[in-house]
């Protein structure tokens, strides 16, 4: 057993989502969104480096030595998988580990809105799940892939860095490819995927122009493509995709996005006040013909209005989702105000509303 495994077991027992290790400091857990110091001695740089290198593959150590950053996955059988990131910082080596539960939570267990499972059952096009780091994007995507795996007979390819949730084939065939291990890059994996008879392609992160362009191409040629972006809402997601491309290509890309994009799920996690834990809130955009026209005509600023009038299609705004949780007393007015988009929708719930909004 590796020395670090004891910390992972403690992390699991305390319900932490992340473990932070930094030279010269005690360990920290992130529990329900908050950083909590672990009752443990501080690590010296060489001691921490030895402990981290014990679990790192040789090729990942080499990359870390050359670049100062590296990602990989580590698994403790019977406990969980962990997404690891090593980095160099002022006091020496540092690392953050995100726990990936071995059991995939279903759409029903997560209480996902019906619009999200509706998007999972599409036959072609692009579906994006967005939100800040640590907002639960991977968990939502895993539940969507799990829903497909149980209900459709198809071929699913995931391309991730590193592979997170492991799906065993049920009604579908599932192949996992890890960047840096099974393929050189996201773009090379996407090029290869188009020759591997896929029905569904999951792109762990759409990081650059070429990856986004290839994903759009796959979505426009009869495949269902899932991807993630670090954007706050549906409107910003669409603008981000288009803005990645040079100005002279943007009109063409806008048309391509209007035809290929089928939905955007933007999510955030808010701390619960009724019990321990956090609750996910979602903005859901379905790309109807009306929304497609707004994208094509550079009128994405009108998308929030389209979401408000599109509830019959399964759409919902982030503010409506936050307000529903607030009225059920699951979250605090202060957190609702902080995470909400239109702040004045939440000021009446505050004990001490701000003078200026």
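The values are calculated or read from the model by the stated rules, or taken from the named source; none is laboratory data. This structure is a prediction, so every number in the text was calculated from the model and none was measured. Backbone-built Cβ (ideal geometry, glycine too); neighbour counts: all protein chains shown.
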Selection count where residues are over 19 Å from residue 231 (Cα atoms) and either under 25 Å from the mean Cα position of the chain (by Cα) or not in a loop (DSSP other than H, G, I, E, B) (or both), scope region 267-278: 7
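So, residue 134, is that one under 23 Å from residue 16 (Cβ atoms), in the same structural domain as residue 277 (by TED's automatic domain parsing), surrounded by fewer than 20 Cβ atoms within 10 Å (Cβ to Cβ) and in contact (Cβ under 8 Å) with a residue 12 or more places away in the chain or not? Write out each step before concluding.
Numbers: under 23 Å from residue 16 (Cβ atoms): yes; in the same structural domain as residue 277 (by TED's automatic domain parsing): yes; surrounded by fewer than 20 Cβ atoms within 10 Å (Cβ to Cβ): yes; in contact (Cβ under 8 Å) with a residue 12 or more places away in the chain: yes.
Yes, satisfied.
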Qualifying residue in region 1-23 (condition: surrounded by fewer than 19 Cβ atoms within 10 Å (Cβ to Cβ), in contact with a helix residue (DSSP H, G or I) (Cβ under 6 Å, 6 or more places away or on another chain) and not in a strand (DSSP E or B)): yes
Residues (assigned to a helix (DSSP H, G or I) and in contact (Cβ under 8 Å) with a residue 24 or more places away in the chain) located in region 237-266: 237, 238, 239, 241, 253, 254, 255, 256, 257, 258, 259, 260
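Just one of 50, 46 is touching a strand residue (DSSP E or B) at 6+ places or on another chain (Cβ under 9 Å), modelled with pLDDT of 95 or more and under 19 Å from residue 3 (Cα atoms); which is it?
On the way: 50 fails: touching a strand residue (DSSP E or B) at 6+ places or on another chain (Cβ under 9 Å).
Among 50, 46, only 46 is touching a strand residue (DSSP E or B) at 6+ places or on another chain (Cβ under 9 Å), modelled with pLDDT of 95 or more and under 19 Å from residue 3 (Cα atoms).
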Residue within region 249-258 that is at pLDDT 95 or above, touching a strand residue (DSSP E or B) at 6+ places or on another chain (Cβ under 7 Å) and surrounded by 15 or more Cβ atoms within 10 Å (Cβ to Cβ) present: no
Of all residues in region 168-203 being touching a residue at least 60 places away in the same chain (Cβ under 8 Å) and crowded, with 19+ Cβ neighbours inside 10 Å, the one that is nearest to residue 143 (Cα to Cα): 202
Tally, over region 288-315, of residues that are crowded, with 22+ Cβ neighbours inside 10 Å, touching a residue at least 40 places away in the same chain (Cβ under 8 Å) and more than 20 Å from the chain's Cα centre (by Cα): 3
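Which is under 30 Å from residue 218 (Cβ atoms) and either in a strand (DSSP E or B) or free of Cβ contacts under 8 Å to residues at least 12 places away in the same chain (or both), of 104, 156? Steps first, please.
Values: 104 fails: either in a strand (DSSP E or B) or free of Cβ contacts under 8 Å to residues at least 12 places away in the same chain (or both).
Exactly one of 104, 156 is under 30 Å from residue 218 (Cβ atoms) and either in a strand (DSSP E or B) or free of Cβ contacts under 8 Å to residues at least 12 places away in the same chain (or both), namely 156.
Return yes when residue 82 is in contact with a helix residue (DSSP H, G or I) (Cβ under 8 Å, 6 or more places away or on another chain) and either outside any helix (DSSP H, G or I) or crowded, with 17+ Cβ neighbours inside 10 Å (or both) and no when it is not. Break it down into steps so the answer makes sense when it comes.
Details: in contact with a helix residue (DSSP H, G or I) (Cβ under 8 Å, 6 or more places away or on another chain): yes; either outside any helix (DSSP H, G or I) or crowded, with 17+ Cβ neighbours inside 10 Å (or both): yes.
The answer is yes for residue 82.
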